[in-house]
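Structure, as C-alpha cells:
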Amino acid sequence: MRSRFSAFARGDSDYLLATWHPSTRPSTLELDEDRTWYRLDILETRAGSPFDTSGVVEFVAYYRAPTGAGSQHEIGRFSREQGHWFYLDGTH
C-alpha cells in the first residue's frame, strides 16, 4: 500500500498499473496532475503477512488540489501471487 501511495505522489502510473491485479486492472490510467498526494494514514490492516495470500488495508490518503485539500478513505483488498502483492479493489 505504501509503495502505491508513493507512486500516486510521484505520478507513476506505470507502477500503479504493474501492481494492479490483472483481473481488475484498467487498460490505462490517467492521473490528475493537479492533485498532490502528501500524506497516508494506515488505519487498519487484516492479514497481509508474508505467509498470507490476501490482505486488507484501511487507509486515508490526503491531497491538495487547486479546488482545495481533500482526502480519500478506502478499504483496499490485495492479493499476493508468486511473492508479489497486487491491488484488487477498494471500497470508499
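If you go through the stretch 48-78 one residue at a time, how many are over 23 Å from L31 (Cβ atoms), modelled with pLDDT of 95 or more and hydrophobic (A, V, I, L, M, F, W, C)?
Selection size over the stretch 48-78: 1.
Being polar (S, T, N, Q) and in contact with a Lys or Arg (Cβ under 6 Å, 6 or more places away or on another chain) narrows it down to one residue among T53, T28; which is it?
T53
What residue, among those in the stretch 32-47 that are touching a Phe, Trp or Tyr at 6+ places or on another chain (Cβ under 7 Å) and either modelled with pLDDT under 95 or closer than 20 Å to I75 by Cα (or both), is surrounded by the most Cβ atoms within 10 Å (Cβ to Cβ)?
Filtering first and then ranking leaves W37.
Being assigned to a helix (DSSP H, G or I) and within 16 Å of R25 (Cα to Cα) is the filter here, so list the residues in the stretch 1-15 that pass it.
Correct list: R4, A7, F8, S13, D14, Y15.
The values are calculated or read from the model by the stated rules, or taken from the named source; none is laboratory data. All of these numbers come straight from a predicted model, not from anything done at the bench. We place every Cβ from the backbone using ideal geometry, glycine too, and count neighbours over all the protein chains shown.
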